[in-house]
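For reference, the structure discussed in these notes is given below.
The values are calculated or read from the model by the stated rules, or taken from the named source; none is laboratory data. Here the structure is a predicted model, which means the values were calculated and not measured. Backbone-built Cβ (ideal geometry, glycine too); neighbour counts: all protein chains shown. SASA here: full protein model, heavy atoms, side chains in, ligands and nucleic acids out. Shrake-Rupley method; radii C 1.70, N 1.55, O 1.52, S 1.80 Å.
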Amino acid sequence: MNTLSRRTLLGSGAALLAAPALAQAKWPARPVQMLCPWAAGGGTDAVVRIVAALLEKELGQPFNVVNRTGGSGVVGHAAIAQSAPDGYTLGIITSEIGMLHWQGLTEVTYRNYTPLGLMNNDPPGIQVNVSSPYKTAKDLAEAIKASAPGKMKASGTGQGGIWHLALAGWLNAMGLKADHVRWVPSNGAAPAMQDLAANGLDFTTCSVPEARAMLDAGRCRSLAVMAPERLSVFPNIPTLKEAMGIDFTTGAWRVICGPAGLPAEVKAVVEPALARIYKSKDYQDFLAARGFGGMYADAAGTEKYMAEADRAFGEAMKAAGLAKA
Amino acid sequence: MIDMLEAVRLVAAPDVLIAILASAIYGLVVGSLPGLSATMATALLVPVTFWLSPIAAVATIITASAMAIFSGDIPGCLLRIPGTPASAAYTDEAYAMTRKGQAEMALGAGLWFSAIGGIVGTLSLVLMAPLLAEMALSFSTFEYFWLAFLGLMCATLVARSSPIKAIASMLLGLLISCIGMENPAGTPRFTFGLTDLLGGIEPIPALVGVFAVSEVMRAMITPEPPPLPRRKFGSILANQWKLTKKYQWPMWRGNFIGIIIGVLPGAGADMAAWVSYAMSKKFSKEPEKFGTGHPEGLVEAGASNNASLASGWVPSLLFGIPGDTITAIAIGVLYMKGLNPGPTLFTERASSMYALYLIFIIANIIMIPLGIVMIRIAATVLRAPRASVMPVILLLCAVGAFATGSNLFSVLMVAAFGCIGFVMERNGYPVAALVLGIVMGTMVEQNFITSLIKSDGDILPFFERPVSGVLAAMTFGALLWPVGIWIWNRTQGRRLPAGTAAR
Amino acid sequence: MQLSDRVTGAVLMALGAAAALAGSRLPAVPGQDVGPAAFPLLIGSGLIICGALIAFGIGRSFEVPEEPAAGPGPWRLGGLRALVPPVLLLFYVLASERLGFLITGAIMVFIATLALGARPRLAVPLAVVAPLLVHLAFYKLLRVPLPAGLLSAPW
């Protein structure tokens with residue numbers, strides 16, 4: 001923690017010094033690097049690429065996306081936090097930033113960033129095989145309650161991943177222990193959906209867009225979505241509250257940000273630009289095409305949202321025994 | 001029919017044709033450079049596809065990956081440095097042919113049978129996609145476990161050295177794949193407190209290290225080998241028809257195995273090449289020639305890995321489940337371009353689907369002329385002095401490792417694996433088996449552990465399900481077969497032609 | 001680095017034992033019966049068995065007789081030279097951010113070429129041309145963010 005806070009201090013100091021210089025040459029005066037902690041071709045990569053392309057259109061300088069992968073996202077997240085806060089390195093961070101530090105895998109938290117805008121949030125769904133006897137979330141919940149602990153199996157991502165927390169949170173909200181349903185770790189959502197289709201699992205809690213191809217193929221059904229309201233792309237899937245009266249929501253979110261201590265000038269340019277981008281037809285079309293859940297918050301709202309998510313993740317992880325003591 | 005015409009119109013658009021040609025050349029060049037891989041070639045295309053029309057974008061990915069998988073054979077054959085993990089299985093064989101002065105035949109076989117495999121694979125995609133998809137969906141973790149296990153056993157069949165050493169190398173690979181937190185438990189293992197190790201060790205830096213860097217290391221301490229007899233580089237395709245006729249049966253078997261393995265998500269071209277090469281040796285009439293520069297295995301494995309590349313698109317297109325690392329990237333591009341995977345792609349956007357088929361076919365056809373040019377250019381390294389080739393390879397290793405993740409740690413990994421590969425090679429441990437272990441490790445563990453979790457620690461379900469039962473029987477058959485032969489030979493006191501029992 | 005089978009077998013046994021031991025110490029995962037320890041234990045045991053078989057030469061009888069060909073070629077100027085490539089890669093890791101790709105690459109190529117026994121007449125032009133071409137291809141065409149450092153490329 002020590003080195004980090006020193007970095008942050010140094011960073012803010014540098015930002016203060018740099019401020020007058022920036023006032024002279026209007027930001028952005030040269031190409032900006034956008035770091036992405038996940039590999040090319042994934043969902044986060046897609047979001048940051050479209051945002052970068054639209055920022056380039058808005059602000060007239062190239063925004064180059066660089067995939068800084070490794071260490072299950074830790075390397076890229078840390079790279080954004082530790083970059084020079086001069087506005088020429090920005091990045092995208094994902095909900096993992098609210099989870100990794102609870103597991104003791106990194107010291108970087110949401111506080112090490114200057115949030116600029118929340119661009120998307122994908123809530124988890126509850127999917128079952130099309131031949132499954134459970135027709136509604138309520139059916140499934142009752143079957144879970146009636147089953148012996150560990151008998152039913154669910155999957156969607158790796159151990160301690162976001163969809164595992166979604167399951168733990170849902171079970172907790174039902175008054176059950178977090179491991180009442182056995183979690184089968186998978187290497188991402190796609191293999192879990194495949195195993196669901198092969199009748200190897202009882203249900204999955206990955207996001208609905210991740211299950212979309214299987215839904216379209218008629219191989220599985222989505223019983224509910226753990227969101228405050230129905231998804232615009234999937235209006236037929238009820239929310240958890242509608243389906244069974246339990247108000248539990250969570251999600252995998254993506255935030256555009258810079259390192260802590262980003263100059264106010266930069267923030268003043270990027271924040272409204274992101275707001276315009278979010279409302280733009282290009283971005284909305286993109287979200288609709290991929291089935292991604294839209295959600296926007298300005299810088300202050302994003303900060304609040306991340307703080308709240310960080311706390312909620314911590315609680316869920318402690319309940320599930322996933323957090324490091 | 002209207003869809004078909006529409007598809008032709010879509011593909012005939014100038015931007016698509018230019019995209020195909022440019023990405024073909026790009027794929028050939030990147031795949032043929034030692035230290036750079038097909039996956040990297042595809043990953044680096046993603047930013048470019050962002051600016052292209054949907055069909056052109058997908059065309060670049062299809063074309064570049066097919067070309068790169070083929071041209072990965074080129075450095076393997078000429079320098080004993082495989083360009084992709086898929087080529088690692090038969091690199092020694094191809095290099096032995098080069099030393100025998102048959103480089104053109106080895107490379108020609110790679111080219112010709114890659115193209116055939118690609119086309120047969122595409123036809124399987126066109127004609128049997130729903131059927132194959134059904135098969136892929138009947139595979140649960142139990143079946144995948146056996147499949148991965150069978151794949152691992154190929155290590156012993158492929159290696160020419162002691163099978164025990166091959167198994168040891170493969171186990172070492174499996175152990176390396178344990179590093180990081182990408183395991184079913186999500187627990188960091190063997191990371192020694194290094195953040196960079198949390199994500200585990202990628203197969204590509206390992207491959208580049210054990211083959212390319214260790215080759216440069218060997219070059220440092222051995223005198224320049226006697227130059228190959230100076231002669232005209234012969235015709236590349238002249239003998240291929242003869243090979244096709246002679247090895248027709250292995251070729252079809254290779255295509256078939258490639259298609260099956262390609263369809264199963266997670267296995268992909270790497271495993272297809274290994275399994276096919278091992279099969280080829282197992283069922284060959286002259287297995288003792290394998291490893292000494294015998295084209296039979298190249299025919300089968302070359303056809304197999306390109307066939308799997310095409311059929312790997314089946315689960316990707318129908319269910320959005322990637323068949324391998326390349327299609328994982330491709331799915332991202334499909335989504336980005338609004339060609340969302342799913343059955344609707346086949347019904348509502350049939351013209352786009354036909355366009356994809358056409359691109360596959362075109363890519364595999366233009367592979368032949370472009371591949372010939374590429375082989376002719378690449379063959380000049382056989383004449384270049386070693387002191388000018390090896391340093392450039394070293395530089396490419398550094399850049400290639402850095403390129404995909406912009407992470408310098410991969411370069412460090414490449415150096416470390418260079419040393420490991422060098423020591424292993426000197427002591428008769430096959431490095432290819434190590435790479436196989438690293439490639440398959442995650443898949444083996446993932447499916448083994450999750451199967452155990454699903455069965456609550458019970459072993460029975462591993463044999464209960466019909467498909468897994470068959471796979472299990474095959475595994476045990478393959479395991480016990482050599483032991484049985486060995487015991488039989490011992491008790492009979494008979495000598496194998498190879499002289500196994502002579503000691 | 002030609003070692004006897006006894007040595008490499010023993011090393012494998014030690015590695016297997018270490019892996020099994022370290023693996024067995026991994027904490028169990030709450031809510032799961034099968035934890036992260038199972039796989040390393042399995043592999044570690046396998047390595048111990050293989051190492052023993054190799055060290056005691058039992059595996060030999062399985063062995064396909066190897067033609068004596070290849071073998072270790074005559075060593076030139078000691079084995080230490082073999083360490084030049086990994087050391088150069090290490091140098092790349094440490095220096096490329098500061099010196100930039102072009103200078104680091106040039107130094108790497110120059111040293112490697114000399115170490116392979118070439119004259120400066122080949123080494124110097126190669127060290128100038130190769131990094132430039134690689135930089136052009138990767139930085140310009142593929143947009144790989146190669147560090148500029150002290151000397152940025154003309155493009």
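Things worth noting here:
- Yes/no for A:Ile126 being part of a helix (DSSP H, G or I) and β-branched (Val, Ile, Thr): no
- Selection over region B:189-208 of residues that are facing another protein chain (nearest Cβ under 7 Å) and buried (at least 22 other Cβ atoms within 10 Å of the Cβ) gives a count of 3.
- Boolean, B:Ile331 is within 14 Å of chain A (Cβ to nearest Cβ), closer than 16 Å to B:Gly266 by Cβ and either open to solvent by less than 10 Å² (accessible area, probe 1.4 Å) or in contact (Cβ under 8 Å) with a residue 60 or more places away in the chain (or both): no
- Residue list for region B:443-484, filter: within 10 Å of chain C (Cβ to nearest Cβ) and of a type in the set (Val, Ile, Thr): B:Val444, B:Ile449, B:Thr450, B:Ile453, B:Val483
- C:Leu42 vs. criteria within 30 Å of B:Pro184 (Cβ to Cβ), facing another protein chain (nearest Cβ under 7 Å), out of contact with any Pro (no Cβ under 6 Å at 6 or more places or on another chain) and modelled with pLDDT of 90 or more: no
- All of (1) more than 26 Å from C:Leu102 (Cα to Cα); (2) open to solvent by less than 10 Å² (accessible area, probe 1.4 Å); (3) at pLDDT 90 or above; (4) under 23 Å from the mean Cα position of the chain (by Cα) hold for B:Val373 with one exception: (2).
- Where helices (runs of 4 or more DSSP H) sit wholly within region A:1-105, those with at least 1 residues that are at pLDDT below 90 and within 12 Å of another protein chain (Cβ to nearest Cβ) occupy A:43-59, A:74-82.
- Condition check for B:Thr344: within 14 Å of another protein chain (Cβ to nearest Cβ), in a helix (DSSP H, G or I) and either open to solvent by less than 10 Å² (accessible area, probe 1.4 Å) or farther than 30 Å from C:Ala106 by Cα (or both): yes
- With respect to the conditions (1) free of Cβ contacts under 8 Å to residues at least 24 places away in the same chain; (2) surrounded by fewer than 20 Cβ atoms within 10 Å (Cβ to Cβ), C:Ile103 falls short on a single one, namely (1).
- Residue ranges of helices (runs of 4 or more DSSP H) in region A:146-252 with at least 2 members away from chain C (no Cβ under 14 Å) and more than 21 Å from the chain's Cα centre (by Cα): A:189-197, A:208-216, A:240-244
- A search for C-beta distances below 8 Å between a residue of region A:286-307 that is among the β-branched types (Val, Ile, Thr) and any residue that is open to solvent by less than 20 Å² (accessible area, probe 1.4 Å), counting only pairs 6+ apart in sequence or on different chains, returns A:Thr302/A:Pro115; A:Thr302/A:Leu116; A:Thr302/A:Gly117; A:Thr302/A:Leu118; A:Thr302/A:Val255; A:Thr302/A:Cys257.
- For region C:1-55, the set of residues classified as assigned to a helix (DSSP H, G or I), under 30 Å from A:His180 (Cα atoms), in contact with a Gly (Cβ under 6 Å, 6 or more places away or on another chain) and open to solvent by 20 Å² or more (accessible area, probe 1.4 Å) consists of C:Leu41 only.
- Of the helices (runs of 4 or more DSSP H) that lie entirely inside region B:209-327, those containing 2 or more residues that are buried (at least 17 other Cβ atoms within 10 Å of the Cβ) and within 14 Å of chain A (Cβ to nearest Cβ) span B:313-319.
- Restricting B:Leu394, B:Leu358 to those that are more than 14 Å from chain A (Cβ to nearest Cβ), open to solvent by 10 Å² or more (accessible area, probe 1.4 Å), in contact with a helix residue (DSSP H, G or I) (Cβ under 9 Å, 6 or more places away or on another chain) and aliphatic (A, V, I, L, M) reduces the list to B:Leu358.
- Subset of region B:403-415 that is in a helix (DSSP H, G or I) and at the interface with chain C (Cβ under 7 Å from one of its Cβ atoms) - its residue that is nearest to B:Val30 (Cα to Cα): B:Ala403
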